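Contents: one structure, followed by commentary.
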Amino acid sequence: MSRYSRIAGTGGYLPETVRTNYDIAKMVDTTNEWILERTGIFSRHIAAAHETASSMAEIASLQAIAESGRNAEDIDLIVLATSSPDRVFPSTACLLQQRLNIRNCASFDVQAACSGFIFALSVADQYIRAGNAKRVLVVGSEINSRLVDWTDRTTCILFGDGAGAVLLEVSDEPGVMSTHISSDGRYRDLLYLPSAPREKSCCGVGERYIKMQGNDVFKIAVNTLGKIVDETLAANHLEKSDIDWLVPHQANIRIITATAKKLKMPMDRVVCTIETQGNTSSASVPLAFNQAVRDGRIQRGQTVLMEAFGGGFAWGSALVRY
Ligand code: COA
C-alpha cells in the first residue's frame, strides 16, 4: 500500500493592529496610490510588542489541530519556517512544541525566506512518505515588521506579520501529490537580511534590516515562477485546466497576476490576500490557503497549486489534492 500525506487541518493568525498605506505615508515619502498600484497592498498586520513568531504560531497551530480533529499529543514532528525566530536557538519550532505542551516529538526550523512554508511542507511530506512520521505540524510564522527599516520606503511598504499552519497526516491517497524545491545562492545579494534579529547594541544600524533590489527580484521571480508551474504540472502529467486553485506567495499583485496568466487561470481562481496582509514571507501561503478553506472556496477533492519565491533565491511549489 502506498503511503502519502494529506492536509487534515489548517489554521491562521493575524495580529490585531492594522497599518494602512495612509499610516505609512506619514512615516516615509510615499502615497497610498503608489503602493496600491505597484504592489496591490493596502494594509498589513503588525504584531504587538509581546508577540513573537512562536506565540503567533501557537494560535495558528491550535486552530489547525482542532480542525483536524486530532490532539496535540498525536503530533510526532514539528517543522516550522521562519526568518524572524524568537531566538537564534533553540528553534522556534522547539518553543512552539513547549507552548503546545507536546513531549517526545522532534521539532526544528526550516529557513528558506519567503519560500519557507513550501520547503517545510516538502520536508514534512518526505518524512510521512518514508514512514518516519504520521502527523506533522507544518507552520510558517513571521514578524517582518521587526526586520524592516521603517525609514526605507522601498521595503517597509511591502511586509506584514502573521502565522499559518497545516496539520499533515498519513493517508492511503494523495494528499500532497508532489513538492518541488530549489535554490540558487548566486542571487544572495539581491534580497537579504544581514544579521539575525537581536539586541540593538549587537550590530550597526542598517545591518539589522532587509535589503532588496526590488526590480531585479521582481523580474527573476516572474520568470522562475512561470517555469516552476510548468515543471509541477509536467511532473504530475496534468494540464493547466486541471488546477482548481492557485495559492501563490503574496509578494506583489503583479507577480501573482503574471503567474496566473501563465497558467491561464482567471483571477477568481487565485487566492489573493495581499491587499490586506502584504508579504508575510513564509506565512503567506498557509494563511491564504487557510482563508480560502475557511470561506468555502477551496473544497475537499480539489487540486491546489501552491508556489513561492524569495531570498536565496529559494523557490518551490506543491501540488495538493485537498
Ligand atoms: N513610494 C514612492 N516612490 C517609491 C517608493 C515608494 N514606496 N519606493 C520606490 N519609489 C520610487 C523609486 O525611488 C524610483 O524612483 P526614481 O525613478 O526617481 O528612481 C521609482 O519609485 C521606481 O522604483 P522601482 O524600484 O523601479 O519601482 P518598481 O516598479 O520596481 O516597484 C517594488 C518597486 C519594490 C514594489 C517592486 O520592484 C517589487 O515588488 N519587487 C519585488 C519585491 C519582492 O517581491 N520582494 C520579496 C520577494 S519574496
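With Cβ to Cβ distances under 9 Å as the rule, what net charge do the other residues near residue 68 carry (K, R +1; D, E -1)?
Working: positive: 70, 135; negative: 67, 74, 169.
Counting the neighbours of residue 68, the net charge comes to -1.
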- Message: Multiplying the sequence separation of residue 207 and residue 103 by 0.36 nm and subtracting their Cα-Cα distance, what value in nm do you get?
- Response: 33.7 nm
- Message: Using the basic label-point model (7 angstrom from Cα toward the beta carbon), what is the residue 262 to residue 219 distance in nanometres?
- Response: 1.6 nm
- Item | Cross-link reach list, lysines versus residue 240, counting only Cα pairs under 18 Å and skipping chain neighbours closer than eight places | 227, 261, 262, 264
- Query: Does a label point 7 Å from the Cα of residue 17, set along Cα-to-beta-carbon, have any residues of the stretch 47-75 with amide nitrogen under 20 Å, and which are they?
  - Reply: 47-60
- Query: Once Lys and Arg get +1 and Asp and Glu get -1 on their Cβ, which of 273, 304, 260 lies farthest toward the positive end of the dipole of the stretch 177-321?
  - Reply: 273
- Query: Of all trypsin sites (Lys or Arg not before Pro) in the stretch 91-154, which ones are in loop regions per DSSP and have a Cβ with at most 12 other Cβ atoms within 10 Å?
  - Reply: 103
- Task: Show that you can apply the helix-only estimate: for the chain, add -39,500 (n - 2.57) for every DSSP H stretch of four or more residues, divide by all residues, and state [θ] at 222 nm to the nearest 500.
- Result: -9000 deg cm²/dmol
- Query: Does the stretch 20-152 come out rounded, prolate or oblate, given a ≥ b ≥ c as the square roots of the eigenvalues of its C-alpha gyration tensor, rounded meaning a/c under 1.5 and, failing that, prolate meaning a/b above b/c?
  - Reply: prolate
- Message: Can you give the FRET efficiency to the nearest 0.05 for residue 239 and residue 276, using r as the Cβ-Cβ distance and R₀ = 45 Å?
- Response: 0.90
- Cut-off under 5 Å, modelled amide H: who pairs with residue 107 long-range: 78
- Message: What does the extension gain come out to for residue 303 and residue 154, with contour length at 0.36 nm per residue minus their alpha carbon separation?
- Response: 50.1 nm
- Task: Excluding residues fewer than 8 places away in the same chain, name every one of the aspartates and glutamates whose C-alpha is closer than 13 Å to that of residue 134.
- Result: 73, 74, 76, 125, 169, 172
- Message: Using the Cα centre of the chain as origin and beta-carbon charges of +1 (Lys, Arg) and -1 (Asp, Glu), tell me which of 241, 84, 195 is placed farthest towards the positive end of the dipole.
- Response: 241
- Query: Roughly speaking, what is the stretch gain from residue 49 to residue 33, that is 0.36 nm per residue apart minus the C-alpha to C-alpha distance, in nm to one decimal?
  - Reply: 2.8 nm
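No value in this document is a laboratory result; all are computed from the given coordinates. As the structure is a computational prediction, the values presented were derived from the model and not from experiment. Note that each Cβ is placed from the backbone with ideal geometry, even for glycine, and that neighbours are counted across all protein chains shown.
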